[in-house]
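Working notes for the structure below.
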Amino acid sequence: MNVDTPLALAWVRAIAAAVEQEQGRLTELDSAIGDGDHGSNLRRGFTAVLTALDGPDAPAPAGAGAVLTRTGTTLISKVGGASGPLYGKAFRAIGAALPQPGEAPAGPAAFGEALAAGLRAVRDLGRAEPGDKTIVDAWTPALDAYRAAVTAGAGLPEAAGAAAGAAERGALDTVPLQARKGRASYLGPRSVGHQDPGATSTALLFRALADVTRAGAARGPGD
Ligand code: ADP
Ligand code: MG
């Protein structure tokens, strides 16, 4: 299985649906250690992304890279919170790392490198280390699990499934951490004992990838 335009579109639409469904929980988590807007920030962003991709005036994207680049650009322009620029830059980096139109779409290994570029973009902008209780704490184990699965011969659905599980564990593992970046860091030790909202939304993003690649494998000619 490759990351072609339909798969990229399916992934972004699945993220938008997950954000819609989980926005209450994301906001609840952000109310405990932030300002309670993470769910509404992402909802506003991904609603705009759907319009940018599927709206009546949306030009057809020229490849999977263009889908993800447009997703990132839209998030940057529509989301004011810390997560908008961070996820925006991440999606733009994923899009830029994918093959250009006319080239063969990315397979599992190349897509892993695009996911790595996404994490680098988050870290370049946010300067968070693993353990700082941020997006990085879900994305890092997700990428490690994805790469390990591909190295062991897994196709995209299996690698994405491993990544989703690792991201979800990574998000849970933020509970005992003290936040050292972002708004939650203002709380100091009082940020301990709460799950990080951004790590939680990153897990949604990887779970959406696992879901759409599994559905694609069930439909398509295998990977
Ligand atoms: P804001 O904090 O501006 O209200 P959001 O509520 O949308 O923005 O997003 C908060 C999430 O952003 C946090 O839970 C954290 O995971 C993530 N975050 C904040 N700062 C950073 C950073 N420097 N690097 C990575 N992730 C960060
Ligand atoms: Mg917030």
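A few notes on this one:
- Check on residue 109, touching a Lys or Arg at 6+ places or on another chain (Cβ under 7 Å) and either assigned to a helix (DSSP H, G or I) or touching a residue at least 24 places away in the same chain (Cβ under 8 Å) (or both): no
- Scanning region 10-44 for residues that are of a type in the set (Asp, Glu) and either within 23 Å of residue 210 (Cα to Cα) or more than 10 Å from ligand 1 (Cβ to nearest atom) (or both), we see that the one that is least open to solvent (accessible area, probe 1.4 Å) is 22.
- The residues of region 81-116 that are of a type outside the set (Gly, Ala, Ser), within 29 Å of residue 36 (Cβ to Cβ) and open to solvent by 40 Å² or more (accessible area, probe 1.4 Å), listed by number, are 85, 89, 92.
Results for (1) among the β-branched types (Val, Ile, Thr); (2) away from ligand 1 (no atom under 13 Å from the Cβ), shown as yes or no for each residue.
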position	(1), (2)
69	yes, yes
88	no, no
112	no, yes
119	no, no
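- Filter result for residue 93 (within 13 Å of the chain's Cα centre (by Cα), more than 16 Å from ligand 2 (Cβ to nearest atom), at negative phi and small (Gly, Ala, Ser)): yes
- Lone qualifier among 198, 193 - being open to solvent by 30 Å² or more (accessible area, probe 1.4 Å) and more than 28 Å from residue 1 (Cβ to Cβ): 193
- Contacts under 8 angstrom Cβ, first residue in region 10-32 being over 21 Å from residue 195 (Cα atoms), partner at pLDDT below 95, 6 or more apart: 10/215; 10/216
- Residue within region 46-53 that is away from ligand 2 (no atom under 14 Å from the Cβ), in contact (Cβ under 8 Å) with a residue 60 or more places away in the chain, assigned to a helix (DSSP H, G or I) and under 14 Å from the mean Cα position of the chain (by Cα) present: no
- Subset of region 134-171 that is among the acidic types (Asp, Glu) and without any contact (Cβ under 8 Å) to a residue 24 or more places away in the chain - its residue that is surrounded by the most Cβ atoms within 10 Å (Cβ to Cβ): 158
- Lone qualifier among 73, 47, 51 - being away from ligand 1 (no atom under 16 Å from the Cβ) and under 30 Å from residue 184 (Cβ atoms): 73
The values are calculated or read from the model by the stated rules, or taken from the named source; none is laboratory data. In this text the structure is predicted, and so the values were computed from the model without any measurement. We place every Cβ from the backbone using ideal geometry, glycine too, and count neighbours over all the protein chains shown. Protein only, heavy atoms only, side chains kept; ligands, DNA and RNA dropped before computing areas. Shrake-Rupley method; radii C 1.70, N 1.55, O 1.52, S 1.80 Å.
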